[in-house]
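Report on the following structure.
The values are calculated or read from the model by the stated rules, or taken from the named source; none is laboratory data. Computed from a prediction, not measured in an experiment: that's the story for all the values here. Because the Cβ atoms are built from the backbone with ideal geometry, glycine has one as well, and the counts that use them run over all protein chains shown.
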Amino acid sequence: MTNLLSDEEIETQLPDDWNREGDEIVRVYEFDDYLRGVNFAQMVGEIAEAQFHHPEIIIRYAGVEIRLTSHEEGGITDDDIEMAELIESERGD
C-alpha cells in the first residue's frame, strides 16, 4: 500500500513533459505515423504489466496519451511517478 503524494511532492518529482490533471499525471507523446504510436503503446503496456501498474493509454493518429493514477489509493503515489520515469527511460527522448 502506497501513500498519496502531497501537492509539493508531485510538483517536485513529476518528470519533465508530464503534467498533473486532478488526480492523474499525463503526457502526450507525438509520433510521425500511427504505427510508431501503436508500437510505443505496446512497449508501455509491457512495462505496465511488469510493474503491475496499468495506465490509461489513448492511441490517436499522431500521438499516444498516457494517464497514470493509483485508483486504489485515490490519487497520485510514488508508483505513478516511478511508472512515468520508466516510460521516459524507455522512450529515450
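For region 1-45: of the residues being in contact with a Ser or Thr (Cβ under 7 Å, 6 or more places away or on another chain) and at pLDDT below 95, which is surrounded by the most Cβ atoms within 10 Å (Cβ to Cβ)? Filtering region 1-45 for residues that are in contact with a Ser or Thr (Cβ under 7 Å, 6 or more places away or on another chain) and at pLDDT below 95, the one surrounded by the most Cβ atoms within 10 Å (Cβ to Cβ) comes out as 2.
Assessment of region 64-81 against the conditions (at pLDDT 95 or above, acidic (Asp, Glu), touching a strand residue (DSSP E or B) at 6+ places or on another chain (Cβ under 6 Å) and part of a helix (DSSP H, G or I)) yields at least one matching residue. Considered as a group, the residues in region 12-37 that are part of a helix (DSSP H, G or I) and under 11 Å from residue 81 (Cβ atoms) include one that is nearest to the chain's Cα centre (by Cα), and that residue is 13. For region 42-60, filtered to residues that are touching a residue at least 12 places away in the same chain (Cβ under 8 Å) and in a helix (DSSP H, G or I), the residue that is farthest from residue 28 (Cα to Cα) is 51.
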